[in-house]
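Trainee: My questions will all concern the structure given below.
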Amino acid sequence: MSEYVPKLVHLPGTTVTPELVLHRTLDKLAHIKSVTVTIQWNNDEIATDWSQMRVSELCMHVMHLDEQVKKTMFDGENQR
């Protein structure tokens with residue numbers, strides 16, 4: 001019998017932590033086709049990695065992130 005592990009949830013008004021982002025992503029693992037990851041380490045270095053995918057798909061990941069950042073910067077949407 002598997003042990004129940006409760007999901008982490010984001011409560012309104014609280015910080016979206018790296019742990020929360022990773023947990024809510026892993027909860028959807030069965031539906032994920034590809035992944036890009038950008039991490040800022042404690043020493044402020046930034047690392048990026050991605051799963052196997054076509055270059056065109058990687059470009060779409062980059063373009064999507066760019067659009068989301070622009071929305072946050074200019075429209076105030078998706079602010080955390």
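The values are calculated or read from the model by the stated rules, or taken from the named source; none is laboratory data. Just so it is clear, the model here is predicted, and its values are computed rather than measured. All Cβ positions, even for glycine, are placed from backbone atoms using ideal geometry, and neighbour counts span all protein chains on display. Note: areas computed on protein heavy atoms with side chains; ligands, DNA, RNA excluded. Shrake-Rupley method; radii C 1.70, N 1.55, O 1.52, S 1.80 Å.
Trainee: With only Lys, Arg, Asp and Glu charged, each at its Cβ (+1 for the first two, -1 for the last two), find how big the charge dipole of segment 1-75 is about the Cα centre; round to the nearest 20 debye.
Mentor: Working: 7 positive and 10 negative charges, 62 e Å.
Here segment 1-75 has a charge dipole of around 300 debye.
Trainee: Here's a follow-up. Heavy atoms only, probe 1.4 Å: what % of the accessible area of the chain goes to carbon and sulfur, would you let me know?
Mentor: Values: 4490 of 7610 Å².
Ligands and nucleic acids excluded, carbon and sulfur give 59 percent.
Trainee: A further question follows. Only one of the values (i) -0.78, -0.91, -0.95, -1.00; (ii) -0.58, -0.81, -0.89, -0.97; (iii) -0.97, -1.26, -1.32, -1.37 was calculated from this structure for log10 I(q)/I(0) by the Debye sum over Cα atoms at q = 0.17, 0.20, 0.21, 0.22 Å⁻¹; name its label.
Mentor: (iii)
Trainee: Considering only protein heavy atoms, with the full assembly of protein chains and a 1.4 angstrom probe, order 34, 56 by accessible area, largest first. Write down the numbers at each step before the final one.
Mentor: Numbers: 34 30, 56 65 Å².
Descending order: 56, 34.
Trainee: Follow-up. Can you give the accessible area per residue of the chain, in Å², using a 1.4 Å probe?
Mentor: Working: 7610 Å² over 80 residues.
Per-residue value: 95 Å².
Trainee: Which lysines have a Cα lying under 20 Å from the Cα of residue 28, excluding residues fewer than 8 positions away in the same chain?
Mentor: Answer for residue 28, where 20 Å is the Cα cut-off: 7, listed by chain and number.
Trainee: Could you order 75, 66 by accessible surface area, starting with the largest, using a probe radius of 1.4 Å?
Mentor: Numbers: 75 100, 66 70 Å².
From most exposed to least exposed: 75, 66.
Trainee: Please sort by residue number the GluC sites (Glu not before Pro) in segment 3-51 whose DSSP state is loop and whose Cβ has at most 11 other Cβ atoms within 10 Å.
Mentor: Values: sites: 3, 19, 45; in loops: 3, 45.
Hits after loop and neighbour filter: 3, 45.
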